[in-house]
Amino acid sequence: MLYTHFLATKQGLAAALHSGDAAFASLPDYFRGRFEPALSMLLDSAAQAGEVRTDVAPYDLLRGIGNLAVASGEDGAAHIERMLMLLLDGLKSVKSVKSSRT
């Protein structure tokens, strides 16, 4: 949830990143270079433990969470949380889902 809160507080950052201003050109690579390796290690460990699917690319997950974090309006934060939980449930491996049902 912390990542979505981080993104939600940085909504103006997206506009800046896509503004064409050369001062912001390196930021997407900077953030990706920091988040993706850490997430890759977490996903690899979870996949080896049979907790998550093995076909999830770290960058796809980062983009998915980032896309969820742009919700706005009165229920924006609640919507983001519900959609994030749905996304995380979809990451679970079949083995993990079956064991939680028994």
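Observations
- Restricting attention to the stretch 34-82, the residues that are over 14 Å from the mean Cα position of the chain (by Cα) and of a type outside the set (A, V, I, L, M) add up to 14.
- The stretch 34-53, subset assigned to a loop (DSSP other than H, G, I, E, B) and not charged (D, E, K, R), residue nearest to K95 (Cα to Cα): G50
- Any pair with Cβ under 7 angstrom, 6 or more apart, that starts in the stretch 66-80 at a residue that is within 22 Å of F31 (Cα to Cα) and ends at one that is among the hydroxyl-bearing types (S, T, Y) and surrounded by 12 or more Cβ atoms within 10 Å (Cβ to Cβ): L68/T4; A69/T4; I80/T4
- Filter result (surrounded by 15 or more Cβ atoms within 10 Å (Cβ to Cβ) and either in a helix (DSSP H, G or I) or among the basic types (K, R) (or both)) within the stretch 54-76: P58, L61, L62, G64, I65, G66, L68
- Of residues in the stretch 74-100 being under 13 Å from V52 (Cα atoms) and β-branched (V, I, T), the one modelled with the lowest pLDDT: V97
- With respect to the stated conditions, R34 is within 22 Å of V70 (Cβ to Cβ), at pLDDT 65 or above and either of a type outside the set (S, T, Y) or loosely packed, with under 14 Cβ neighbours inside 10 Å (or both).
- For the residues L42, L27, the requirement of being touching a helix residue (DSSP H, G or I) at 6+ places or on another chain (Cβ under 6 Å), at pLDDT 75 or above and surrounded by 12 or more Cβ atoms within 10 Å (Cβ to Cβ) singles out L27.
The values are calculated or read from the model by the stated rules, or taken from the named source; none is laboratory data. Since this is a predicted model, take the numbers as computed values, not measurements. When we count neighbours, we look across all protein chains shown, and the Cβ atoms used for this are built from the backbone with ideal geometry, even at glycine.
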